[in-house]
Amino acid sequence: MVFKVLLQWDSEENAWTATVPELNDICTFGADEEEALAMAKDMIVGYLEASAKVGSEPTTPVRLPRVVEVTI
């Protein structure tokens, strides 16, 4: 399975956050991007396992925002 993970720097927490929009915006963090992605993979596996145990559909279709550059 493939999931999109949004990585953002959180200056208040001094960490990278990793959010998975398709899984109800579950979120984790790491000291750097690599750690945040590793944490996200573990979180996704746990979320899918928990969803399977309760028999719920884990994913929600999401249209992600686009970031575009504007030249002025």
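Derivation of every value follows stated rules applied to the coordinates shown; laboratory data play no part. What you see is a predicted model; the values in this text were computed from it and never measured. Backbone-built Cβ (ideal geometry, glycine too); neighbour counts: all protein chains shown.
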- Query: Do you know which of the residues in region 61-71 that are in contact (Cβ under 8 Å) with a residue 12 or more places away in the chain and loosely packed, with under 11 Cβ neighbours inside 10 Å is farthest from K4 (Cα to Cα)?
  - Reply: P61
- Lone qualifier among A15, A52 - being without any contact (Cβ under 8 Å) to a residue 24 or more places away in the chain, of a type in the set (A, V, I, L, M) and surrounded by 15 or more Cβ atoms within 10 Å (Cβ to Cβ): A15
- Please determine, by comparing only the residues of region 18-34 that are within 17 Å of S51 (Cβ to Cβ) and polar (S, T, N, Q), which one is surrounded by the fewest Cβ atoms within 10 Å (Cβ to Cβ). N24
